[in-house]
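Q: Have a look at this one before I ask anything.
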Amino acid sequence: MSRNVYKQIYKKIKKYQTIVIARHVGPDPDAVTSQIALRESIKCTFPKKNVYAVGASVHRFKKFGLLDKVAMETLKPCLLILTDVPNLDRVDDITDLHYQEVIKIDHHPCSEKVSDLELVDDTASSACQLVAELIYNTPLKMNVSIAENLFLGIVSDSDRFLLSYTTAKTFQLVSKLIDDYHLEFNHLYASLYERPINEIRFHGYLGENLEIQESGLAYIKIMPEIINKYNVDLATPSNMINDFNFIKEVLVWVFITYDEKNEIYKINIRSRGPVINLVAEQYHGGGHKFASGARVKTMEEVEALIKELDALCVQYKGN
């Protein structure tokens, strides 16, 4: 990545008095920790600036830091920074925001160019990796809590360094965070992976009811009554999907959760070979080649997506 990009982003941050940092809907730990870490870094560097991390809050992620509740229409002119989101359609909670300029910091394949200034690297493990790179290559400041959030985002999105997006640069940055801020592994891992017993039982339900096709496609439809039975939230399945990697019979696995409030099916897709993001893009989604998501309104669309992924697995095996 050119150092010029880091300098340009720093200059924009320095220019604006008000900065809003947003991420994608249905956030994962990387989305939340990247925006909170960047907010805190900017506030440490420029204490007089107004910096807000926005989006719907998720109870289990409050331990990473609190998000800001602010009247969007009052924040003008402002700079909008997007982390961990490839396009504007998937940004959470900026409907009434009148921003003057946009910066995108993202590690997904670029599906939409949203501004002239973008720090995008689809070989990076996480948005947190890119935020760490930005801070280390500019005068932006860091402290222990910022370093901890960056570490957690990298660990989470790389699935503890198991995924192919983990590179030598990932390990170098993590090593530097650990050395510079004396990070304690056990404490941090507990905050990321500790679960109540109802979630463990829900995890067992997923394994017991996962439908596996001959093609290597596996899927499960998780209806509201199951969410209620196990007393988990709608984000729980997406936070567990990586646990089902390395199943011998499975190439692609899909978790389908129905969101009654928004009347939409939220679909998480993972792969151990077939490229899935192009299929996801046809169903109001997208993502990485091997980790994507989609959102559809009807069960007919869900069935069509499953059919396409099944055919994709058959084609992959044939090749």
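Read the figures in this text as sums done on the coordinates, not as results from a lab. Just so it is clear, the structure is predicted and the values come from calculations on it, not from any experiment. Reconstructed Cβ throughout: ideal geometry from the backbone, glycine too, with neighbour counts over all protein chains shown.
Q: Using 0.36 nm per residue, how much length does the chain from Lys261 to Asp116 gain when fully extended, once their Cα-Cα distance is taken away? Write out the running numbers ahead of the final one.
A: Numbers: separation 145, 0.36 × 145 = 52.20 nm, distance 3.60 nm.
Full extension of this stretch gives 48.6 nm more.
Q: Right, here's the next one. Output wanted: per-residue J couplings in Hz (rounded whole) for the stretch 167-178, from phi through Karplus 6.51 cos²θ - 1.76 cosθ + 1.60, θ = phi - 60°, x for Gly and Pro.
A: 10, 4, 4, 4, 5, 5, 5, 4, 4, 5, 4, 5
Q: If you don't mind, another one. Could you give the size of the charge dipole of the chain about its Cα centre, using +1 on the Cβ of each K and R and -1 on the Cβ of each D and E, expressed in debye and rounded to the nearest 20?
A: On the way: 37 positive and 42 negative charges, 248 e Å.
Around 1200 debye, computed over the chain.
Q: Among 278-289, 39-50, what's the highest-first ranking by average C-beta atoms within 10 angstrom per residue? Provide the component values of the computation, followed by the final result.
A: Working: 278-289: 19.2, 39-50: 16.9.
Per-residue mean Cβ counts within 10 Å order the peptides as 278-289, 39-50.
Q: Same structure again: Of all DSSP beta bridges in the chain, what percent run antiparallel (nearest 5)? List each step's numbers first, then the result.
A: Working: 19 of 43 bridges.
Roughly 45 percent of the DSSP beta bridges within the chain come out antiparallel.
Q: So how compact is the stretch 1-157: Cα radius of gyration and Dmax in angstrom?
A: Answer for the stretch 1-157, Rg first and Dmax second: 13.8, 38 Å.
Q: Tell me the label-point distance for the pair Glu300, Gln17, using the 7 Å Cα-to-Cβ offset, in nm and rounded to one decimal.
A: Result: 5.3 nm between the two label points.
Q: Still on this structure, please answer the following. Mind checking the angle between helix 29-45 and the chain's longest principal axis? C-alpha axes, 0 to 90 degrees, to the nearest 10.
A: 0
Q: Between His284 and Asp243, what length comes free when the chain is fully extended (0.36 nm per residue of separation minus the Cα-Cα distance, one decimal in nm)?
A: Here the answer is 12.3 nm.
Q: Taking every pair of Cα atoms in the chain, average 1/r, invert it to obtain the Kirkwood radius, and report Rg/Rh to two decimals. Show your work: numbers first, answer last.
A: Values: Rg = 19.5 Å, Rh = 20.3 Å.
Reported Rg/Rh (Cα atoms, Kirkwood Rh): 0.96.
Q: Next up: Please rank Thr83, Thr95, fewest neighbouring Cβ atoms within 10 Å first, as an exposure proxy. Please report the intermediate quantities before stating the final value.
A: Details: Thr83 31, Thr95 8.
Placing the least packed residue first, the sequence is Thr95, Thr83.
Q: Fewest Cβ neighbours within 10 Å first, please rank His98, His24 accordingly. Let's see the in-between values first.
A: Numbers: His98 13, His24 24.
Lowest count first: His98, His24.
Q: Moving on to the next point. Could you work out how far the C-alpha centroid of the stretch 67-104 sits from that of the stretch 34-54, in angstrom?
A: The stretch 67-104 and the stretch 34-54 have Cα centres spaced 14 Å from each other.
Q: How far apart, in nanometres, would the label points at Ala190 and Leu88 be if each is projected 7 angstrom from Cα along the Cα-to-Cβ direction?
A: Roughly 4.5 nm, to one decimal.
Q: Another question, then. Can you put Ile36, Ile197 in order, fewest other beta carbons within 10 Å first?
A: Numbers: Ile36 26, Ile197 7.
Taking fewest neighbouring Cβ atoms as first place, the list is Ile197, Ile36.
Q: Related question: For the stretch 202-318, what is the convex hull volume of its Cα atoms per residue in Å³?
A: Details: hull volume 10.8 nm³, N = 117.
Considering the Cα atoms of the stretch 202-318, their hull volume per residue is 92 Å³.
Q: Could you work out how far apart the two model spin labels at Asn231 and Ala168 are, taking each label as a point 7 Å from the Cα in the direction of the beta carbon, and quote it in nm?
A: 5.0
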